[in-house]
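Heads up: the structure comes next, in structure tokens.
Nothing in this text is a laboratory measurement; each read-out follows from the coordinates by a stated rule. All figures in this text were calculated on a predicted structure; none of them were measured in a lab. Every residue, glycine among them, receives a Cβ derived from its backbone with ideal geometry; neighbour counts consider all protein chains shown.
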Amino acid sequence: MAVSKRHAELLAKALPPLKDKLVVIYNPSPLVASIRKEPAETPTFLYLGGENYVKGLYVLMQAIEIALREGVKARFMFTNKYSNQAQLIISRINRRYSNVIHLTGRIHYTEVLNLYRQAGLHYSLQYMKKLFHMYP
């Protein structure tokens, strides 16, 4: 069982005998009350994935740099903890583009809902790829 197509691909590559037995079952969305959006004036992206390679942090940071270089005005809020390597990349982007990435650290679920209320968009790797034309 895998939680995404990418997860299934990684498992199939690591364990070829399981390839034909793998089934993708997506994690269900949490049951939450309807959230009234109050987006900030500057478009805000919310990234909740942490530094897990499969979640696409480094692809996201590349997409952010491309977008900012092309003049996109936005801010990005990252929850969770990040390694020194990731923080160095984030610091470099922030120095170059006036602190557009804000690290919140690990936060409680209710605070995530507050951030979501303010965010115009939440990060999805497929969305970012399409938005910034990174891949066909």
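Listed values, structure above:
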read-out: Theoretical FRET efficiency, 1/(1+(r/R0)^6), r = Cβ-Cβ of residue 113 and residue 51, R0 25 Å, to 0.05; value: 0.65
read-out: Estimated FRET transfer efficiency (residue 72, residue 13; beta-carbon r; R0 35 Å; 0.05); value: 0.55
read-out: Extension gain (nm, one decimal) between residue 85 and residue 106, 0.36 nm per residue minus Cα-Cα; value: 5.8 nm
read-out: Radius 15 Å from Cβ of residue 107, net charge of other residues (Lys, Arg +1; Asp, Glu -1); value: +2
read-out: Amide H partners (placed H, <5 Å) of residue 77, local residues excluded; value: 45, 46, 47, 102
